[in-house]
Amino acid sequence: AGMFDHAVAFNNRYEVDSEKLNAVFVRFKEVAERKKGGLDDDDLEALVADEVYSAQALWSLKRVQVATGSDVVPTATVALIGPDGVERQIAGTGTGPVDAAYKAIDALTSVRVDLLTYSMEAVNAGIEALATTKVVVKPVQGGAVSGTTLHAQGGEMERQFSGSGSDTDIVVSSARAYLAAVNKLIRWNMRREASEQVAEVEGA
């Protein structure tokens with residue numbers, strides 16, 4: 001069966017609307033072009049989960065390019081589409097290509113977080129297997145979040161945000177996972193600020 005037939009089969013399980021189904025179709029074509037032998041059901045399920053269960057994207061990943069190797073400072077050039085629909089690009093350096101990509105995402109989103117856990121597993125066997133990366137982050141005390149500053153007390157600063165991403169490229173899957181977690185953090189901060197503003201009005 002073709003990709004579209006497989007995607008439709010997942011429709012009921014994931015409640016995929018036409019817009020999200022189209023997004024899955026675009027991702028499928030992008031990944032299939034890089035993976036010889038095509039994608040199987042496990043690959044497709046990972047892609048569907050990546051698109052459907054990711055946080056409503058304030059920031060979305062456009063592309064990642066990395067430069068690394070012996071005697072080379074790992075560098076990642078990351079382009080993101082912001083909440084205003086504008087594409088922004090920046091280069092970051094780090095201890096490795098994934099760390100460099102994360103530094104670039106931090107700079108573009110103006111978010112500071114601590115990376116608590118990072119894990120990656122292959123969806124299936126083979127050197128060209130689709131990789132699924134999972135991360136957990138927490139906000140940094142006093143760190144900027146989309147133009148505001150976090151000044152939470154107690155358990156709020158211990159809140160953790162998870163994200164996952166899938167791709168045949170490990171750096172891309174890692175970037176997608178990290179960005180998903182950052183988007184969740186930004187949305188949480190927006191809700192928290194809105195609640196504080198309501199409380200101030202009611203207490204006035």
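The values are calculated or read from the model by the stated rules, or taken from the named source; none is laboratory data. Everything numeric here is computed off the predicted structure, so don't read it as measured data. Counting neighbours? That spans all protein chains shown, and the Cβs are built from the backbone with ideal geometry, glycine included. With ligands, DNA and RNA removed, areas are computed over all heavy atoms of the protein, side chains included. Shrake-Rupley method; radii C 1.70, N 1.55, O 1.52, S 1.80 Å.
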Considering residues of the stretch 100-131 that are open to solvent by less than 60 Å² (accessible area, probe 1.4 Å), more than 12 Å from residue 171 (Cβ to Cβ) and not small (Gly, Ala, Ser) only, the residue farthest from the chain's Cα centre (by Cα): 124
Which numbered condition in (1) open to solvent by less than 60 Å² (accessible area, probe 1.4 Å); (2) modelled with pLDDT under 95 is the only one that residue 57 fails? (1)
Filter pass, residue 97 being over 21 Å from residue 134 (Cα atoms), touching a helix residue (DSSP H, G or I) at 6+ places or on another chain (Cβ under 6 Å) and surrounded by 15 or more Cβ atoms within 10 Å (Cβ to Cβ): no
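Considering only residues that are among the β-branched types (Val, Ile, Thr) and under 18 Å from residue 167 (Cα atoms), which ones fall in the stretch 60-118? Working first, answer last.
Taking the stretch 60-118 and keeping what is among the β-branched types (Val, Ile, Thr), we get 64, 66, 68, 72-73, 75, 77-78, 81, 86, 90, 93, 95, 98, 105, 109, 111, 113, 117.
If the condition is that a residue be among the β-branched types (Val, Ile, Thr) and under 18 Å from residue 167 (Cα atoms), then 64, 66, 77, 78, 98, 105 are the ones that fit.
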